[in-house]
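The values are calculated or read from the model by the stated rules, or taken from the named source; none is laboratory data. What you are looking at is a predicted structure, and each value in this text was computed from that prediction instead of being measured. Because the Cβ atoms are built from the backbone with ideal geometry, glycine has one as well, and the counts that use them run over all protein chains shown. The protein model used for the area step is the full one, side chains on, heavy atoms only, and it has no ligands, DNA or RNA in it. Shrake-Rupley method; radii C 1.70, N 1.55, O 1.52, S 1.80 Å.
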Amino acid sequence: PHMGLLGQHALDAFRRALVPAHVLIAVDDSGPMLPYLPQIATALDSDLPSAAFEARDSFAIWELPGTGQIKTELASLEPATTANRHLASRQVDTFTAHGHSHDYDVLAEAASMLYDKGTGSGPPDNSVILLTDGDGGSYLDTASNVETLFQDHPSGRAPITLDIIAFGAPGCTSAMRGLANHTRGTCYNESESDPDELLTQVLRQLLGGG
C-alpha cells in the first residue's frame, strides 16, 4: 500500500532516532564565489551551532581550494557537540577566494571519507551540502562518476545524499539538478532565497526537523 506523507515523516523520524547522521558541508571559495563568501560565513556562523544535531551525529566543513589540493579541512568529521560546532563556525572566517575549484574531485573524496566512517549502530545517514557557483571544475572526476560513487555504496554503508546551493548565474544548471536528483537531494538557487534560510532548511531536512 502507498504510504502517506505523515507515515513517511513518522518512518523518517523513527529511523533518525536509531541512526547517526554524518553531514559534510563543502564550500567552494573560488574567485567567482567572492561576492558570496561573507554571506556563507555568516550563515554557517549562525546555523551550525543551532542545528538539530544529536550527540551521535558528526559533521565536517571543507573548503575547495584551487591550488592542486582537493580540499582543506576547516573541521574534520567530528562529533557534533555544541562546543565543536561553535568552534567550527568561527573557522569559516578564513575563506579566501582563489582560482576555480574542482567540485567533482572533492565530492569523490567526500564519498571515500564518509564510507570509511561506519559506526557500531548501523550505517549512518551520509549527506553532503555543496555550496558552489557550479562551474563543475575537475582534475580527475566527472558528474557521472560522482553519481555512481554516491549511489553504489559499499556493503554495510548507506548511500550519500547530495544537496547543492547554487550561487550566481545561471544558478542550478541541468547537470547540477541531475546530480542532486539522482542522489536523493535537491539543487537550490541562492538567488531565490537568503543563504542563511537555505542552509537552515537543508540542515533541518537532513537532521529530521522538517
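Please give the solvent-accessible surface of Arg204 in Å², to the nearest 10, using a probe radius of 1.4 Å with every protein chain present.
We get 110 Å² for Arg204.
FRET efficiency for Thr94 and Ser155, Cβ-Cβ distance as r, R0 = 45 Å, nearest 0.05?
Once the sixth-power term is evaluated, E becomes 0.75.
Peptides 179-191, 45-57: what's the order by average Cβ count within 10 Å, highest mean first?
Descending mean neighbour count gives 179-191, 45-57.
So between Thr148 and Glu54, what do we pick up on full extension, going 0.36 nm a residue minus the alpha carbon distance?
Gain in length upon complete extension: 30.9 nm.
What is the set of long-range amide H partners of Leu130 at a cut-off below 5 Å, with H atoms built 1.01 Å from backbone N?
Ala26, Asp163, Ile164, Ile165
Would you list Ser112, Ser30 from the most to the least accessible area, probe 1.4 Å?
Ser112, Ser30
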